[in-house]
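Have a look at the structure below, then the notes.
Values in this text are rule-based calculations from the coordinates and carry no lab data. These figures come from a predicted structure and were not determined experimentally. Every residue, glycine as well, gets a Cβ built from its backbone with ideal geometry; the counts of neighbours run over all protein chains shown.
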Amino acid sequence: MVQNSVERFFYYINERHNIYRKQQKNEKFPWTEDEILQTYSFCNVFRELDKVTIWLRKNWKEPYADHPNLPFAMAVARQINWPDTLDAIGFPEKWEPERVKHIMQSRKDCGWKVYTGAYMLTGTLGGTKIEQTIDKILTPLYRNPPPIYPESLEKTWKEYLPYAGFSGFMGYEVVTDLRHTKHLENAEDIMTWANAGPGAKRGLNRIYERPLNQTIKTPQLNEEMKLLLNFSEHEGILEKYVPKLEMREIEHCLCEFDKYERVRLGEGRPRSKYKYKGEHYAS
């Protein structure tokens, strides 16, 4: 590992989480002297602090913690990922695809937002996006749900891969939600495995000063993320206000770090600029 790159990576984590803390304390904008973090929107260090995840926890995960449809509900939630639509649909105690399509189409016809803009998803399954989501992605999953292995995030994640709409990324989103439920909260690989997406792979290539698009085999990617996680536990690496990281945070922050470095090095800009709204702020 190149020390300067590692230092910048953990600087990003410390500074981004400190921004979150200052927001929560209603301190005045700007919450950082870092011009990149002032200007552009970056995700929280901890996914559990994001707005959609907070909504899910309060409205679906906690009230329905013991419901047998909770794993399926997480799949519904992440395919749509917009709380207003999810609230209109309601927790899927039973799956009623025609009713759900009607609600979603009615919202669309009214000009209301139906899906999030956070995920860059494409579909080639035929039909409208709503029909794809309900008929081609979620209904088959409901009829033939994948097994969950309480001891392993990775094994559970692999079970989602054959399903339409649950490639490496989306399956990982669902498994990450389940990690904070009774289904996977005791998984043995929470601190040893993460699914490195394209952004995280570029982030690792930056840290190791490799060509950005160099292909690295999955076992090596995982070992490199574990090294960063282990390094984060050394005295003085993380500020005391940053909670203990897991492999998910390392993977997630590598993706955001790649975005940060892209701006710093003049290679490009993130899709979203930060929009300060007085006492209201983006997470």
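Any idea which of 187, 164 is aliphatic (A, V, I, L, M), over 17 Å from the mean Cα position of the chain (by Cα) and closer than 16 Å to residue 78 by Cα?
Residue meeting the stated conditions: 164.
Conditions (1) touching a residue at least 60 places away in the same chain (Cβ under 8 Å); (2) within 15 Å of residue 10 (Cβ to Cβ), marked per residue:
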| residue | (1), (2) |
| --- | --- |
| 188 | no, no |
| 192 | no, no |
| 195 | no, no |
| 199 | yes, no |
| 206 | yes, yes |
| 228 | yes, yes |
| 234 | no, yes |
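Report every pair of residues separated by at least 6 positions or lying on different chains whose Cβ atoms are under 6 Å apart, first residue within the range 239-263 and within 14 Å of residue 16 (Cβ to Cβ), second hydroxyl-bearing (Ser, Thr, Tyr) and in a helix (DSSP H, G or I).
From residues that are within 14 Å of residue 16 (Cβ to Cβ), the pairs are 245/232; 257/12; 260/12.
Within the range 38-46, does at least one residue satisfy the condition of being in contact (Cβ under 8 Å) with a residue 12 or more places away in the chain, in a helix (DSSP H, G or I) and farther than 22 Å from residue 247 by Cα?
Initially, the range 38-46 is screened for residues in contact (Cβ under 8 Å) with a residue 12 or more places away in the chain, giving 38-46.
After this cut, where a residue has to be in a helix (DSSP H, G or I) as well, the list is 38-39.
With farther than 22 Å from residue 247 by Cα added as a condition, the list becomes 38-39.
Looking through the range 38-46, at least one residue is in contact (Cβ under 8 Å) with a residue 12 or more places away in the chain, in a helix (DSSP H, G or I) and farther than 22 Å from residue 247 by Cα.
Taking residue 192 as the residue in question, decide whether it is over 30 Å from residue 132 (Cα atoms) and out of contact with any Gly (no Cβ under 7 Å at 6 or more places or on another chain).
When the stated conditions are applied, residue 192 passes them.
Inside the range 195-242, can you point out the residues that are among the β-branched types (Val, Ile, Thr) and part of a helix (DSSP H, G or I)? Reasoning before the result, please.
The initial filter retains those residues of the range 195-242 that are among the β-branched types (Val, Ile, Thr), namely 207, 215-216, 218, 237, 242.
Hits for the range 195-242 are 207, 218.
Any idea which residue in the range 3-30 is farthest from residue 227 (Cα to Cα), counting only those that are in contact (Cβ under 8 Å) with a residue 60 or more places away in the chain and of a type in the set (D, E, K, R)?
Per the stated criteria, the residue is 21.
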